[in-house]
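One structure below.
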Amino acid sequence: MKATEETKPEKLLNVDEIAEILGVDKEYIYKRTMHGQKGIPHIKVGKYLRFEREVVLNFFKDQTGDAVI
């Protein structure tokens, strides 16, 4: 079955990409992923961290009560 735009999953972002979107250093991202359930939501693919853009933005929005980006 061929993926269409509607069924195509969102691209997972790497540490550099999510840090750029949030306007922070990648070291901040690494530190915040080590906080267990209170850390930035992420997916481990082997030794690599990957992020879903909307999930991360909603995570920060829920923490601050304000929109991020």
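The values are calculated or read from the model by the stated rules, or taken from the named source; none is laboratory data. Please read all numbers here as calculations on a predicted model, not as lab measurements. Cβ sites come from the backbone with ideal geometry, for glycine too, and all protein chains shown count toward neighbours. These area figures cover heavy atoms from the full protein model, side chains too; ligands, DNA and RNA do not enter into them. Shrake-Rupley method; radii C 1.70, N 1.55, O 1.52, S 1.80 Å.
Among the residues of region 1-37, which ones are modelled with pLDDT under 95, in contact with a strand residue (DSSP E or B) (Cβ under 9 Å, 6 or more places away or on another chain) and of a type in the set (Asp, Glu)?
none
So, in region 7-44, of the ones that are of a type in the set (Val, Ile, Thr) and touching a residue at least 24 places away in the same chain (Cβ under 8 Å), which residue ends up most open to solvent (accessible area, probe 1.4 Å)?
The residue in question is Ile43.
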